[in-house]
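The values are calculated or read from the model by the stated rules, or taken from the named source; none is laboratory data. In this text, all values refer to a predicted model and were calculated from it rather than measured experimentally. Neighbour counts are summed over all protein chains in view; Cβ atoms, including those assigned to glycine, are modelled from backbone coordinates with ideal geometry.
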Amino acid sequence: MVEPGDIDGTVADELEKLKDKAKTKKKVTIVVFSGELDRVLAAFNIATGAASMGMEVTLFFTFWGLNVLKKNDARNTAKGWMKKMLGAMNKGGTNRLPLSKFHMGGMGTWMMKKLMKQHHMPTVDEMIALGKQMGVKFVACTITMGMMGISKEMLRPEIDVYAGVVTYLAEAQESSVNLFI
């Protein structure tokens with residue numbers, strides 16, 4: 001049999017837990033692995049939506065996702081023939097992001113951008129600016145940068161941190177939402 005004092009103690013304990021939970025800031029961590037326009041837009045839509053809800057948001061850009069952070073006019077300064085070839089084939093920049101499906105040699109991307117403009121949707125550059133205004137943290141993966149011959153000079157100034165997977169994992173461990181796009 002449960003005594004009345006036991007119920008009060010249990011309710012009080014639960015209330016304390018809820019208060020502690022309310023005090024902790026909700027966090028969202030998104031790995032931006034893809035450098036494709038539609039997927040990048042999805043990552044930024046979720047990031048800015050979460051930030052608008054008062055959540056702390058970190059975007060961790062790695063592999064092809066680093067193309068989002070490359071300057072549109074970045075010069076390939078990679079050392080070694082393989083890194084130079086990779087840089088030549090993978091110029092990056094927000095103006096060059098292909099669609100994941102129906103790219104059709106650039107025609108699909110052109111149509112998507114035209115439709116976005118007609119429907120007053122922000123461009124990737126506008127989403128980057130909006131994310132920064134809202135406090136979204138941008139992390140560029142240094143391991144991938146080194147492997148692919150990407151220097152800091154090739155990347156946009158909006159990056160908050162240059163770090164590796166341990167930084168991502170520390171953020172992810174504290175986050176209530178973790179996504180891989």
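Before moving on, here are some points about what is shown:
- Scanning the stretch 145-181 for residues that are among the aromatic types (F, W, Y) and either assigned to a strand (DSSP E or B) or touching a Lys or Arg at 6+ places or on another chain (Cβ under 8 Å) (or both) turns up Y162, F180.
- Top-ranked residue in the stretch 141-170 [being exposed (fewer than 14 other Cβ atoms within 10 Å of the Cβ) and among the small types (G, A, S); ranked as modelled with the lowest pLDDT]: G146
- Condition check for G49: loosely packed, with under 12 Cβ neighbours inside 10 Å and at pLDDT 75 or above: no
- Hits in the stretch 36-76 - residues which are of a type in the set (S, T, N, Q) and over 16 Å from F138 (Cα atoms): S52, N72, N76
- Of the listed requirements (1) closer than 29 Å to T29 by Cα; (2) among the hydrophobic types (A, V, I, L, M, F, W, C); (3) touching a residue at least 60 places away in the same chain (Cβ under 8 Å), A78 misses just one: (1).
- Residue count for the stretch 73-99, restricted to those that are polar (S, T, N, Q), closer than 30 Å to A172 by Cβ and surrounded by fewer than 20 Cβ atoms within 10 Å (Cβ to Cβ): 1
- Looking at the stretch 64-142, the helices (runs of 4 or more DSSP H) lying wholly inside it that each contain 3 or more residues that are touching a Leu at 6+ places or on another chain (Cβ under 9 Å) and not aromatic (F, W, Y) sit at 66-69, 107-118, 124-133.
- Restricting attention to the stretch 29-48, the residues being within 13 Å of V177 (Cα to Cα) and either acidic (D, E) or assigned to a helix (DSSP H, G or I) (or both) number 3.
- Near pairs, Cβ below 9 angstrom, 6+ apart or cross-chain, from the stretch 49-63 (in a strand (DSSP E or B)) to any residue that is surrounded by fewer than 20 Cβ atoms within 10 Å (Cβ to Cβ) and among the acidic types (D, E): E56/E174; T58/D160
- F44 being modelled with pLDDT of 95 or more and surrounded by fewer than 20 Cβ atoms within 10 Å (Cβ to Cβ): no
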